[in-house]
Amino acid sequence: MTYVGMPTPSETPQETMAKIAGTAAKMKVVIVGGGVSGLSAGWWLARSGASVTVLDKGIVGWEASGRNGGGASHYQSPLFEEEQRMWPHMDALLGYPTEHQQERLVIAVTPKQLNQYHYLAKMNNDMGYRVDLLTGDQVRAMVPLAGDNCLGGMHYRFGGHANPQRSVQAYAWALQDLGGRIYQHSPVTGFETEGGKVVAVHATSGRHECDAVVVAAGPQIQALMAKLGVEVPLAAARAEMIVTEPAPMMPIGGVDGNGLYGRQTLRGNLAYGGGPHEWLETFEAGPPARPSSPLTRNLARRVAELFPKAAHLNVIRSWAGIVENTPDGRPIIDRMKAPENVTVITMSGVGFGLSPASGHAVRDLVVDGQCSFTDLAKLSLSRFDGIGADWREQRGWQPQKADLAA
Amino acid sequence: MHVNNGTDPHAIGTKLPAPEARYDVVVVGAGPAGLAAALAGAGEGKSVLLVDENPIPGAAMGNDVPLLFGGRMTTATQNAERMLETVFMSEPMLEAAMEAGVEVLLGTSAWGVYRNGPGVTGLPESVVALADKDRGWIVGYNQLILATGARDLAIGFPGWNQPGVMGAAALERLLAHYEAFAGKRVLIVGSHDLALNAALLAREKGVEVAGLVEVRSAPQGDAALADAVRAAQIPFYLEDAPAEAIGGIDGVERVRLLSGAVIDVDTVVLAIGLVPSIELIDAMGGKRVLDGARGGYIPGENAGVTCVGDCAGLADTGFDHVEYRMEWARELGKLSAPDTIVCQCEEVTRADLLGVQPPRYLERPAPMQARSLNTLIQDGPPNPDQIKRLTRAGMGVCQGRRCRDQVAMMLAMAADGPFGSVPLATHRAPVRPLPLRILADWEESEDMRAGWDVWFGIPTQWVPYRDIDTPREREHQEAIAEGWSL
Ligand SMILES: Cc1cc2nc3c(=O)[nH]c(=O)nc-3n(C[C@H](O)[C@H](O)[C@H](O)COP(=O)(O)OP(=O)(O)OC[C@H]3O[C@@H](n4cnc5c(N)ncnc54)[C@H](O)[C@@H]3O)c2cc1C
Ligand SMILES: Cc1cc2nc3c(=O)[nH]c(=O)nc-3n(C[C@H](O)[C@H](O)[C@H](O)COP(=O)(O)OP(=O)(O)OC[C@H]3O[C@@H](n4cnc5c(N)ncnc54)[C@H](O)[C@@H]3O)c2cc1C
């Protein structure tokens, strides 16, 4: 179940599980946020024997974690090799289906796209991750829905995709099966600190005592951490997707390109997103709404160009999700200096695919104070020390108009 | 660090296009309510656009969109041009509207309403998105009037997932507007006004009516209508229910009732209730309220949008439609086996739904099998959108038209609460399934194309970790950003 295009892992996931078992026994961890980041962290910690409580303001996976493209091919991340090691085993480890599938194809319909993809292929090959370049004819042989307009593409011999909604629930259920508790409809309202540590988390469900806290609340991390005197620079935006009725199954469902990300689901639906985002204000209680816009039409066009042989398929739904970005767009995975038992994780656009590994990293930070399998120094919060208050304006990342819900 | 001098070329900015045309009034739906509204607008000298989706394309009818046609339309519906004529002739007011200066577009559906509000501020103005058989486009309005009517309420029972099980509104559409009903002999489920009217209409149009089945002990509708049905020698089967529809390759051939009676019919007409068509209101994030006397969820106060006719709520006769349909759902639920289909598109059975089990193409390991709606309810009140994600019920091409309401009823029953205790599964645009090529904006602005990126267009995001803070970082950023406006 390993990939031909990746380094061979030195240890099986089962061995890792055996190694961590019992390492966090008696530790009480409260996790703020039941998205994929918080749930994966909770699951890893429960596997280590910790007593885990997850608090979410709504239903697990209701925000970005249940609304994303399901892509899992983030070669740029220091978590990538760990993600690749874990994903093929997640169904078995969790006990629930995630629909994980291996490998990806990215196909071009303009010369500019093809150039871009060739650059990315080389970048990956330089890292030791195998990418094969494909001609238009090779693509057409592998992607039955591609058309004469396809100029070529690339075949990632690694990476993949999974079903976000099913995966989130799989983490949640697996966590419960290990004795973890999940409180839904239970927004966190504050923290109780003592001696430089958070000793309890307050939520509408009550006061939850803890030895350690993980803050994985997506865009709401900023306001929550501000309560602890820690500034986390984040800006949130809306991103949109569409989905069609089922198409005949393609041999590799993880096909995208033409400025789109997405996948063919195991049912056959084509689910794709891409294009402009809208920067929004962040509200402590969460987004007042997650509307889609007429961008649906532009997405439809791109999908029809990507798969001319699917242009007759009906689009059956559009949706949107809110995703937060740090000033450089990269994740923050870091344990705070003060309060020293708080770990923060914000994943920007790569949190779903990397989730099997991000949970491991958070587990390591919470239990051991440092990550055992990769370097995370460049994902520390301190890289934004001294960033100006106007960092959003400098980038043009502020909401374009005041949100009418304000 | 990468900074864009205060502008983000990949943000939505002003990339969303202005509408192709603007009207003082746009009316969606050309039933009696929409026609009256359009005529009133024209009478005041306003520019008025009136759109109606009829005639419905054959392919959509085959998917029970927007009504539960149950495969009982004749081949006449395949002839789009003839259908257009038939539909136009069936409603003399259409011609009157045109003469009054209303721009009338038939065969045109409204699939979305977009306006700035919570979570979106990038629209140049409020628009309605339209599509016909050739293309999609958007129009602007000062006033939007929704007159979208009501759609069929479907509640499953054994054998309902075959041709020949249809809804009363679809029957009315085929008989009164399309002259294209393929059935000969029908059994009607329900006995409130809808069912009584359906029986009388069918009879008037020469269709044999084998009877009306009513779960309660007496006919429910208007006494005069019930008398008219009796006078036509149409029997009522009281305290009874369809236990099974039995059929062959062409669908229903007969129905076995709970009482044991077996009735030869080619069509079962579900006439338990209608649901106000609030898809557009719900998809635009508008307000809605539950009103059992007016057919279920109806639009609340929504600035700039007026709802008229059945979509604003059925006429209040003091009858509790929601209580009535819940009673039917309980009875038909008892008559259904665990393998009775709930969601036809995705073939989700009652057992799968109540067990929150994944579709059959996925494995169901032991922990998965141990999960159920009951275990999920321990985590909080059930939410149909969550159940949908797990079971796929309501995720198919009919967009939940056949199962949304019954799933909501089943969840309410499972949670031991009233109907409204469980939220309604959300509607989203496009509220009609539309082909990619029709929905597509083929006249995309240069601005949109130039600013397009697969994700946010933040070049630092894609730099391999090991190259961050090295000279290679700049190189990657430039090369990656160079490829943008894909
Ligand atoms: C349209 C779209 C497409 C995407 N495509 C991909 C993709 O293909 N691949 C990929 O890897 N990533 C993708 N992403 C990004 C990915 O979805 C996110 O990185 C990931 O889901 C982040 O997970 P999270 O758990 O950190 O945050 P979230 O999913 O945002 O979860 C945070 C949780 O915290 C809860 N919360 C907030 N405030 C409080 C509070 N006060 N108290 C309690 N709980 C609180 C929220 O309810 C929420 O459930 C996409 C995102 C979007 C929107
Ligand atoms: C079987 C039956 C018999 C009936 N008999 C009688 C009777 O004898 N007397 C009586 O008074 N009433 C009767 N009615 C009720 C009557 O038909 C309705 O009350 C009336 O038609 C409601 O008018 P309306 O304008 O609100 O909606 P409708 O007449 O339903 O018109 C709505 C129109 O909008 C269209 N539409 C909906 N959504 C969209 C969209 N998104 N885009 C474009 N178009 C859209 C629909 O296709 C439809 O054409 C009967 C109804 C049925 C089902």
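Helix-derived [θ] at 222 nm for chain A: sum -39500 (n - 2.57) over DSSP H runs of at least 4, divide by residue count, nearest 500? Don't skip to the end; give the middle numbers.
On the way: 11 runs with 107 residues, N = 406.
Taken over chain A, the calculation gives -7500 deg cm²/dmol.
What percent does the relative contact order of chain A come to when contacts are Cα pairs within less than 8 Å and at least six residues apart?
Relative contact order here is 22 percent.
Using Cα centres only, tell me the gap between the range B:217-282 and the range B:74-95 in whole Å.
First find each Cα centre; the distance between them is then 28 Å.
Report the one residue of B:242, B:83, B:71 whose Cα lies farthest in the direction of the positive end of the charge dipole of the protein assembly as shown (charges on C-beta: Lys and Arg +1, Asp and Glu -1; origin at the Cα centre).
Working it through, the farthest residue towards the positive pole turns out to be B:242.
Could you line up B:165, B:308, A:201 from fewest to most neighbouring Cβ atoms inside 10 Å? Provide the component values of the computation, followed by the final result.
On the way: B:165 29, B:308 19, A:201 24.
In order of increasing Cβ crowding within 10 Å: B:308, A:201, B:165.
Going through the cross-link list A:227/B:287; B:205/B:388; A:378/B:388; A:26/A:337, which pairs have a Cα-Cα distance over 28 Å in this structure?
Working: A:227/B:287 34 Å; B:205/B:388 40 Å; A:378/B:388 39 Å; A:26/A:337 23 Å.
Table pairs above 28 Å Cα-Cα are A:227/B:287; B:205/B:388; A:378/B:388.
Enumerate the aspartates and glutamates that residue B:334 could reach by cross-link, defined here as Cα to Cα under 13 Å, with residues fewer than 8 away along the same chain left out.
B:240, B:244
Magnitude of the Cβ-charge dipole of chain A, K/R +1 and D/E -1, about the Cα centre, nearest 20 debye?
Working: 36 positive and 38 negative charges, 128 e Å.
Here chain A has a charge dipole of around 620 debye.
What residue among A:206, A:153, A:369 has the largest mean-square fluctuation in a Gaussian network model of chain A, using Cα springs under 10 Å?
A:206
Pop a pseudo-label 7 angstrom from the Cα along the beta-carbon direction at both residue B:103 and residue B:361 and give the gap in nm to one decimal.
For the pair residue B:103/residue B:361, the computed spacing is 4.3 nm.
Please tell me the relative contact order of the range B:3-106 in percent, rounded to the nearest whole number, where contacts are Cα pairs under 8 Å and at least six residues apart.
Reported as a whole number, the value is 28 percent.
Residues in the range A:317-341 near a label at residue A:375, defined as backbone nitrogen under 19 Å from the 7 Å Cα→Cβ point?
A:330-335
Using alpha carbon centroids, what distance separates the range B:416-481 and the range A:189-268, in Å?
17
Report the charge-dipole magnitude of the protein assembly as shown in Debye, nearest 20, computed about the Cα centre from +1 at each Lys and Arg Cβ and -1 at each Asp and Glu Cβ.
1440
Mind checking the full-extension length gain between residue A:119 and residue A:194? Use 0.36 nm per residue of separation minus the Cα-Cα distance, one decimal, nm.
Gain on stretching residue A:119 to residue A:194: 21.8 nm.
Express as a percent, rounded to the nearest 5, the fraction of DSSP beta bridges in the protein assembly as shown (both residues included) that run antiparallel.
If I count the DSSP bridges inside the protein assembly as shown, around 60 percent turn out antiparallel.
What GluC sites (Glu not before Pro) does the range B:346-413 have in DSSP loop regions with at most 14 other beta carbons within 10 Å?
B:363
For residue B:378 paired with residue A:138, estimate the spin-label separation in nm (one decimal), with each label point 7 Å from Cα along the Cα-to-Cβ line.
The answer from the label model is 5.2 nm.
Give me the dipole magnitude in Debye, nearest 20, for the range A:77-212 about the Cα centre, with unit charges on the beta carbon: positive for Lys and Arg, negative for Asp and Glu.
320
Among rounded, prolate and oblate, which fits chain B when a ≥ b ≥ c are the square roots of the eigenvalues of its C-alpha gyration tensor, a/c under 1.5 means rounded, and a/b larger than b/c means prolate?
In terms of gyration-tensor shape, oblate.
Going through the range A:269-325, which GluC sites (Glu not before Pro) have at most 16 other Cβ atoms within 10 Å and a DSSP loop state? Before the final figure, lay out the partial values.
Numbers: sites: A:278, A:281, A:284, A:305, A:324; in loops: A:281, A:284.
In loop regions of the range A:269-325 (DSSP not H, G, I, E or B), the sparsely surrounded GluC sites (Glu not before Pro) are A:284.
Compute the length gained on full extension between residue B:44 and residue B:416: take 0.36 nm times their separation in residues and subtract their Cα-Cα distance, giving the result in nm to one decimal. Write down the numbers at each step before the final one.
Working: separation 372, 0.36 × 372 = 133.92 nm, distance 5.14 nm.
So the extension gain works out to 128.8 nm.
Would you work out which of B:315, B:335, B:367 lies farthest towards the positive end of the dipole of the range B:313-372, given +1 charges on the beta-carbon of Lys and Arg and -1 on that of Asp and Glu, about the Cα centre?
Projecting each Cα onto the dipole axis, the largest value belongs to B:367.
Just tell me how shielded A:92-98 is by partners: mean number of partner chain Cβ atoms within 10 Å of each residue's Cβ, no decimals.
4
Taking R0 as 35 Å, what FRET efficiency do you get between residue A:26 and residue B:478 from their Cβ-Cβ distance, rounded to the nearest 0.05? Before the final figure, lay out the partial values.
Values: r = 51 Å, r/R0 = 1.47.
The formula returns an efficiency of 0.10 here.
Taking 7 Å along the Cα-to-C-beta vector as the label spot, tell me the residue B:18-residue A:185 distance in nanometres, rounded to one decimal.
4.7
Can you give the calculated 222 nm mean residue ellipticity of chain B, where each DSSP H run of n ≥ 4 adds -39,500 (n - 2.57) and the sum is split over every residue, rounded to the nearest 500 deg cm²/dmol?
-7500 deg cm²/dmol
For the range B:324-413, run through the chymotrypsin sites (Phe, Trp or Tyr not before Pro) and keep only the ones in DSSP coil with at most 14 other Cβ atoms within 10 Å of their Cβ.
B:361
No value in this document is a laboratory result; all are computed from the given coordinates. These numbers were taken from a predicted model, which means no experiment stands behind them. Glycine gets a Cβ as well: all are built from the backbone with ideal geometry, and neighbour counts include every protein chain shown.
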